[in-house]
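Scroll down for the structure; my scribbles are underneath it.
The values are calculated or read from the model by the stated rules, or taken from the named source; none is laboratory data. Computed from a prediction, not measured in an experiment: that's the story for all the values here. Cβ placement follows ideal geometry from the backbone for every residue including glycine, while neighbour counts extend to all protein chains displayed. Only protein heavy atoms, including side chains, enter the accessible area calculation; ligands, DNA and RNA are left aside. Shrake-Rupley method; radii C 1.70, N 1.55, O 1.52, S 1.80 Å.
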Amino acid sequence: MSRGKGRVARGPDKADLPEKICPVCKRPFSWRKKWARDWERVRYCSEACRRKSSVNPPG
């Protein structure tokens, strides 16, 4: 059985993904497949930044 010589389809280039700025560390972070369902609600780039924000709430 031969598998053929076609290329495997890849996802979009990282440069084409949407980005947001983390309000804690001020760094940009890109969309992840894990966040696909609730990208609108994602605010922080990591759990560490999310925890820091609850210690020092904006105000």
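Could you give every pair whose Cβ atoms fall below 7 Å, whose first residue belongs to the stretch 25-43 and is of a type in the set (Gly, Ala, Ser), and whose second residue is assigned to a helix (DSSP H, G or I), counting only separations of at least 6 or pairs across chains?
Ser30/Lys14
Could you count how many residues in the stretch 1-27 are under 24 Å from Ser54 (Cβ atoms), open to solvent by 80 Å² or more (accessible area, probe 1.4 Å) and not in a loop (DSSP other than H, G, I, E, B)?
Selection size over the stretch 1-27: 2.
Look at Gly11 and say whether it is at positive phi and at pLDDT below 95.
no
Report the residue count in the stretch 48-59 for those that are open to solvent by less than 100 Å² (accessible area, probe 1.4 Å) and either modelled with pLDDT of 90 or more or touching a Gly at 6+ places or on another chain (Cβ under 9 Å) (or both).
2
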